[in-house]
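The values are calculated or read from the model by the stated rules, or taken from the named source; none is laboratory data. Small disclaimer: the values here were computed from a predicted structure and weren't measured. FYI the Cβ positions are ideal-geometry reconstructions off the backbone, even for glycines, and counts take in every protein chain you see. SASA here: full protein model, heavy atoms, side chains in, ligands and nucleic acids out. Shrake-Rupley method; radii C 1.70, N 1.55, O 1.52, S 1.80 Å.
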Amino acid sequence: MRKNVVAFVLITIAVLAFAVHNVWILISLLFVDGSEDAISRAELPAPKSGAISERPQLIPKIIHQTYINESLPEHWKGPQKSCIDLHPDYEYKLWTDKKAREFIAAEYPWFLETFDGYPYPIQRADAIRYFVLHHFGGIYIDLDDGCNRSLDPLLAYPAWVRRTTPTGISNDAMGAVPRHPFFLKTIDSLPEYNRRWILPYITVMASTGPLFLSIIWRHYNNANPVGAERVRILFPAEYNHHSWSFFTHHLGNSWHNNDVRLIFWMAKHWLMVTILGFVIGFSLLACIYTVFIRPRQQPGSPKLRAAYSRAPFYRRISQKDIELDDRHEV
Ligand SMILES: *[C@@H]1O[C@H](CO)[C@@H](O)[C@H](O)[C@H]1NC(C)=O
């Protein structure tokens, strides 16, 4: 084999390995469904069962929610009331923008600069929920989720989050004891993940939202393969849709933008998108090989040789070749 073919193959393998290494956690999200950490329906007492009071209470009885200010829109007052009414013995905390900023400034001053610098308000709404869970513990619930039954049985797990489709976990309802190592890792990682991507939706998802939390969850699980510190997973059937589910879902997210449709379409057709990506990638490699590499093996038309000498990826090799050619001609 010619030297430049070997170089081409090696570079291709290196690029592919680098790409796979970088997205490995993302790829693994497609295959890991969290079922090994599931809170199974069989272990949860029925809504009015006496068995509920026999379970340990690890998580403090606090419900956290977030909104811009105290004046909630009408359509969210119903869900909010359903959670407050079912939990008369819980403390209720509504984190307004003002209270959230004061809390970060007082308790986590190292994060204030990142917090203030987020370009989208929803990023602050995402971040504050991880901090209050780390600081106070309790249960965070999105305002568009109402409560269908008492959350008491979920107080028995040191930390839990909700599984979401098509992949990963969500941050719309979560519970934890104060200073749980998973939420410690989460708040610790926020500054590092504060990057901007092309679409606002991806920026929000990957810097503070469910995609960010899912990636942290994968890293956390890799570092804690067994033991009591695992994060338990609430599956959709326990979450919604049944008489014994914990929550009821109301209106969709309030901040969705135009790019959401594209992302949801890609998520729905992820297999096709992945295959298409590979087809385009390998077609490009094939083109590069055909135009720039193969003509050197069977010295062909001057046109192809000229194209090869302009090859952007292999400039050093081609310049060396041209130099040798010149010397032969002298
Ligand atoms: C609360 O925020 C909403 C939405 O931005 C705004 O319309 C409303 O005037 C605010 N209410 C108060 C009391 O500041």
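For region 1-53, the list of trypsin sites (Lys or Arg not before Pro) that fall in a loop by DSSP and count at most 16 other C-beta atoms within 10 angstrom reads Arg2, Lys48.
Expected output is a single nm value to one decimal: the length gained when fully extending between Ile275 and Tyr193, i.e. 0.36 nm times separation in residues minus the C-alpha distance. What is it? All intermediate terms of the calculation are to be shown ahead of the outcome.
Details: separation 82, 0.36 × 82 = 29.52 nm, distance 2.78 nm.
Taking Ile275 through Tyr193 to full extension adds about 26.7 nm, to one decimal.
When the trypsin sites (Lys or Arg not before Pro) in region 127-184 are filtered for DSSP coil states and for at most 14 other beta-carbon atoms within 10 Å of their beta-carbon, the remaining sites are Arg179. Residues Arg196, Arg230, ordered by accessible area of protein heavy atoms at a 1.4 angstrom probe radius and largest first, appear as Arg196, Arg230. Taking label positions 7 Å along the Cα-Cβ direction at both Glu74 and His241, the computed distance is 3.1 nm, reported to one decimal. When +1 charges are put on Lys and Arg Cβ atoms and -1 charges on Asp and Glu Cβ atoms, the dipole computed for region 1-158 relative to its Cα centre reaches about 480 debye. Can you list the residues of region 192-228 with backbone N under 20 Å from a point 7 Å past the Cα of Ala19, pointing along Cα to Cβ? It comes to 198-199, nothing else. Estimated from the Cβ-Cβ distance and a Förster radius of 35 angstrom, the FRET efficiency linking Lys61 and Asn222 is about 0.60. Look at where the Cα atoms of region 124-159 and of region 188-245 average out, and the two centres are 14 Å apart. In a simple Cβ point-charge model (Lys, Arg +1; Asp, Glu -1; nothing else charged), region 167-228 has a dipole of about 80 debye relative to its Cα centre. Dividing the C-alpha radius of gyration of region 152-246 by 2.2 N^0.38 Å, with N its residue count, gives 1.13. Label positions at Tyr289 and Glu91, each projected 7 Å from the Cα along the C-beta direction, are separated by 6.4 nm. Converting phi to 3J(HN,Hα) with the Karplus coefficients 6.51, -1.76 and 1.60 and the offset θ = phi - 60°, region 78-94 yields x, x, 4, 5, 4, 6, 5, 5, 6, 10, x, 8, 9, 7, 10, 10, 9 Hz in sequence order, with x at every glycine or proline.
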